[in-house]
Amino acid sequence: MSAIPAKTLDDLGWSGVVDHWARRCASARGAAAVRAHGFFDDLDAARERVAEIAEARDLASRDAALPLGGIEDCAAAIARVRKAAALDAPELIAVAGTAKALARLRAHLRQHGEVAPRLLARGAHLADLGHVYHPILDAFGPDGRLVDHASDALGPLRRALASIKAQLERRMKSLVEDERFAPYLQDTFYTQRDDRYVLPVRHDGKGFVKGIVHGTSGSGQTLFIEPEEIVDLNNKLKLAECDVLDEERRILARFSGWVAEEADALDAGLVDAERLDVIAAAARLADDLVAAAPVLDAAPRLGLLHARHPGMLLAERRCVANDIAVDAGQTLLVSGPNAGGKTVALKTAGLCALMARAGLHLPAESGTVIGWFVDVRADIGDAQNLEANLSTFTGHLVALRTYLTECGPGTLLLIDEIAVGTDPDQGAALAQAVLEALAARGVTAIVTTHYERLKALGAGDERFANASVGFDLERLAPTYKLHLGVPGSSGAFTVARTMGLGDEVVDRAAALLGGGGISVELLLERVADQRRRLEEERAMQLAELEALEAERMAVRADREHQRARASKQAEGAYGEAVVSLREARREVDQVRAELRAKAAAERARAEDLQRARRKIATASKTVHANQPEHNLPPGRAPGDGELVPGTPVILPGLGGRGEVVAAPERGRVAVRLGAMHTSVPVAEVLLDVHRKASQPAPARAERRPDGRDGRRPDRRDGGRGPAPEVQLVDGATDGRAVARTLDTTLDVRGQRADDATGALDRFLDEAMLLSRETIFVIHGHGTGALRAAVRAHLKGHAAVQSFRPGGASEGGDGVTVVFLRS
């Protein structure tokens, strides 16, 4: 990986981006790799890294981020076991835990290999070393010590040690209480010296306690004596401890040998995990920056869309997004007031070029194109160096001399305030000459300037282009917005007034400049202000259009809601029939369950099932006969005495036909509408001139699956027709079959999301009124937008208990099965 000059990295603040990248790594090894990471020399390698980061971000969006926890840098321990060294307990636990984490990472990549094939290939050397880490981890307890069952011998040895120790402690306690020794003891307890149990004996009683002296207290008044009665027990304890330690060392040596056998696999896995950690950290950095995967072009050009400075974003500072466009070999001349954002735009372009070289996603919008720059140079800030005897001007000249000899095609050159620190006229002429020479060498550059000569250069030479940062004349403040194609006013006088410089001084400076210079500055300021005003007006118009659209949608939704309410009121007439239909369907379910459990009674159960089906057909006919009717033919107002029992009438308010039950009283008349009896005002009743008294009402309008009313086609059987065929599909949450009919199915295919959700609300209201348990929504596959809108709407609906995609026999993911609250 090629190196970018250190001065360029410092001027652009690249180390800050790297620090944020490293802090998002899951392991110390990954963080170290990020800090040591250079820049790709190969365009294809950078493109591959961009694609890998995109896969890692996709996995994270699916709640399947790479599991990189638990991986420790145990390369040193692995190197030691290669030399036949035995690891201690903490090292073995670290190696085994890392091996387990590597196996978990390997399984995760294999599970999601279809959506992340590049990451799967990146982890090709990850191995499942369960035969190594399982027995090692099982052999250690939570405290990091070997457990008794770590080997066949360790448990018995430890129990023998514990038995000897308990026996020794009992003996020591009895000696402390022994009348022979108690008068000569310094205290009523025993202790240990050199891992051997001793008694604290006063100096004047040393002749009365026979044994081995292991030391004295600091004052010399206490002797620590091992009584001769327990010398043998102390020896046995020491030997038992040695046996336990020898067995533990043997176990650790055996485990270390297992690690040595898989040292190559562990090292290769650590390398893969390190690279995956670097990629995952880059993905997290991209998510935090709201970055997009750039299009990396071989041509050295910039096409940044709504680019933001990454350092400002990560510091949570206000950052204005800007478009930055520079063709290959072109120089962009950025002018405008001081503190207006020219340097920020310069650094943003430079950091994006470096991030592209590192294969990172850019803090810009999708569709951003950035060229492949083999070199990036920056000259930002004061170049003064007293130790090298360089002034500000001579320091810049040294840099320009280097650029003229070393930069060429494929170089991105960033210069802040070119050729400053000398006579303005001479500096402007020198700057133009240098930029023309650099353009002749094919250098792509962005240069900030206040020189009018360079602004004119951008208007007359196609190798150069102008850009400017905005300034709000009303607020006397910069907008930090970069405008391509037009130069900007330096606004020195305006900035001076804003910073508190006296008006007399500023007015005098304007007079000294002369009318020509003032007129050019004012013209540029007015052009910039007019452009700002136009942008603000455009933004206001867009906001008004959005508000009008929202109001239109609200009115439409209210109209749909009112229509749904009217429909629900009209459909109440056949509620009883629907209840009967539901009861019949429950009987069918019960009969089917009994048929599965009692095959011996198949014939009798089949007869019961046939009776239940006939009941369903009868109830379904009643339902369709009593459904509300729309688009009724016109009738006429009744005359006096015409509303007698049995008279056929039309009820426009209820959307159906009925007949008079009783003569009018007090301006109201009792009517029967299907199975419903009600009383309505006489003024809301029309005589049905197309029916005779006692003539049965024609077939009622049925509810179409899309939520709109429609008419059934005429039938030879009087308009009633047979009951709709019931389709039974598996998949109910309670394990029973879900009855799917025309009345429980809503088809929203081809509708807009707003129309579909409105129809779904009406259909849910109808289903709740009819006490349905399940409905089916057909939305199709398509782009998935309609399916997502339907399911998002169902999540927050109070009537919905749960929902799921349809099964293979139900239409697959193009259907959503909805279970309603009872």
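The values are calculated or read from the model by the stated rules, or taken from the named source; none is laboratory data. Values in this document were obtained by computation on a predicted structure and should not be read as measured data. Here the Cβ is made from the backbone with ideal geometry for all residues, glycine too, and neighbour counts use every protein chain on show. Keep in mind that these areas ignore ligands, DNA and RNA; they rest on the heavy atoms of the full protein, side chains included. Shrake-Rupley method; radii C 1.70, N 1.55, O 1.52, S 1.80 Å.
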Item to complete: Go through the residues of the range 415-427 one by one and say whether even a single one is in a loop (DSSP other than H, G, I, E, B), under 19 Å from LEU12 (Cβ atoms) and open to solvent by 10 Å² or more (accessible area, probe 1.4 Å).
Response: yes
Response to the item:
Scanning the range 767-793 for residues that are under 12 Å from THR757 (Cα atoms) and small (Gly, Ala, Ser), the one least open to solvent (accessible area, probe 1.4 Å) turns out to be ALA789
Worksheet item: Residue check, PHE40 against (1) over 22 Å from ALA101 (Cβ atoms); (2) surrounded by 19 or more Cβ atoms within 10 Å (Cβ to Cβ); (3) at pLDDT 95 or above; (4) not charged (D, E, K, R), all met but one. Which one?
Response: (3)
Response to the item:
Within the range 209-243, of all residues that are assigned to a strand (DSSP E or B) and among the β-branched types (Val, Ile, Thr), the one nearest to MET172 (Cα to Cα) is ILE225
Worksheet item: If HIS306 passes every condition in (1) in contact with an Asp or Glu (Cβ under 9 Å, 6 or more places away or on another chain); (2) at negative phi but one, which one does it miss?
Response: (2)
Worksheet item: Is it the case that the range 119-141 has a residue that's of a type in the set (Phe, Trp, Tyr) and farther than 23 Å from ALA268 by Cβ?
Response: yes
Worksheet, complete the sentence: Checked the range 183-208 for anything free of Cβ contacts under 8 Å to residues at least 12 places away in the same chain and either buried (at least 16 other Cβ atoms within 10 Å of the Cβ) or in a strand (DSSP E or B) (or both); matches are GLN192
Worksheet entry | Index of the failed condition, ALA64 passing every other in (1) open to solvent by less than 70 Å² (accessible area, probe 1.4 Å); (2) in contact with a Leu (Cβ under 8 Å, 6 or more places away or on another chain); (3) in contact (Cβ under 8 Å) with a residue 12 or more places away in the chain | (2)
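One line per residue, one yes/no per condition, for (1) in a helix (DSSP H, G or I); (2) among the aliphatic types (A, V, I, L, M); (3) open to solvent by 20 Å² or more (accessible area, probe 1.4 Å):
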{"residue": "ARG80", "(1), (2), (3)": "yes, no, yes"}
{"residue": "ILE93", "(1), (2), (3)": "yes, yes, yes"}
{"residue": "LEU120", "(1), (2), (3)": "yes, yes, yes"}
{"residue": "HIS125", "(1), (2), (3)": "no, no, yes"}
{"residue": "PRO135", "(1), (2), (3)": "yes, no, yes"}
{"residue": "GLY144", "(1), (2), (3)": "no, no, yes"}
{"residue": "ARG159", "(1), (2), (3)": "yes, no, yes"}
Worksheet item: Which pairs have Cβ atoms under 8 Å, sit 6 or more apart or on different chains, and link a residue in the range 215-235 that is under 16 Å from ILE164 (Cβ atoms) to one that is open to solvent by 70 Å² or more (accessible area, probe 1.4 Å) and in a helix (DSSP H, G or I)?
Response: GLU229/ARG171; ILE230/ARG171; LEU233/GLN167; LEU233/ARG171
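Picking from ALA56, ALA51, which residue would you name as being part of a helix (DSSP H, G or I), surrounded by 20 or more Cβ atoms within 10 Å (Cβ to Cβ) and in contact (Cβ under 8 Å) with a residue 40 or more places away in the chain?
Answer to the selection: ALA56.
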Worksheet item: Can you spot a residue in the range 214-230 that is surrounded by fewer than 22 Cβ atoms within 10 Å (Cβ to Cβ) and closer than 30 Å to ALA101 by Cα?
Response: no
